[in-house]
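The values are calculated or read from the model by the stated rules, or taken from the named source; none is laboratory data. None of the values given here were measured: they were computed from a predicted structure. Positions of Cβ are generated from backbone atoms using ideal geometry, with glycine treated the same way; all protein chains shown enter the neighbour counts.
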């Protein structure tokens, strides 16, 4: 699980982001969130640019769980003076749709200009394999 979340975050760092140079210049004030999605639970890990783990959370994959994720992300952004959020999650059948839509469009998160990416789990695993220092 932890390896998948780290792989998610590694991929996010490589993604072209809307806003181009603006986002690249503000990467130091960005919260990077990886969500491991399953039918019953969502496991979240959030890092800052330096790789410090700021948030680790496991919630049910339902509306109250999505609301808990939102609250935790907002608390983390505010308590660490971060201005932007980049969120990556596995595209696992229908299980990731509601949380991705919820996070990308929630009015409380909009000031942090959230970028939400749904990624193919096979891509994540193969990308992780390209790093020899990640076991």
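Below is a table of values for the structure above.
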quantity: Qualifying positions in region 56-69 - surrounded by fewer than 18 Cβ atoms within 10 Å (Cβ to Cβ) and in a helix (DSSP H, G or I); calculated: 63, 64, 67, 68
quantity: Of all residues in region 96-115 being assigned to a helix (DSSP H, G or I) and in contact with a helix residue (DSSP H, G or I) (Cβ under 7 Å, 6 or more places away or on another chain), the one that is farthest from residue 125 (Cα to Cα); calculated: 112
quantity: Options 93, 72: the member that is closer than 26 Å to residue 26 by Cβ and not in a strand (DSSP E or B); calculated: 72
quantity: Scan of region 94-108 for residues that are touching a residue at least 12 places away in the same chain (Cβ under 8 Å) and out of contact with any strand residue (DSSP E or B) (no Cβ under 9 Å at 6 or more places or on another chain), ordered by number; calculated: 98, 102, 106, 108
quantity: Residue in region 15-37 that is under 23 Å from residue 122 (Cα atoms), modelled with pLDDT of 85 or more, surrounded by fewer than 19 Cβ atoms within 10 Å (Cβ to Cβ) and in contact with a strand residue (DSSP E or B) (Cβ under 9 Å, 6 or more places away or on another chain) present; calculated: no
quantity: Residue match in region 79-89 (condition: modelled with pLDDT of 95 or more, out of contact with any strand residue (DSSP E or B) (no Cβ under 8 Å at 6 or more places or on another chain), loosely packed, with under 14 Cβ neighbours inside 10 Å and assigned to a helix (DSSP H, G or I)); calculated: yes
quantity: One residue from 133, 108 being surrounded by fewer than 19 Cβ atoms within 10 Å (Cβ to Cβ), farther than 24 Å from residue 39 by Cβ, more than 15 Å from the chain's Cα centre (by Cα) and modelled with pLDDT under 95; calculated: 133
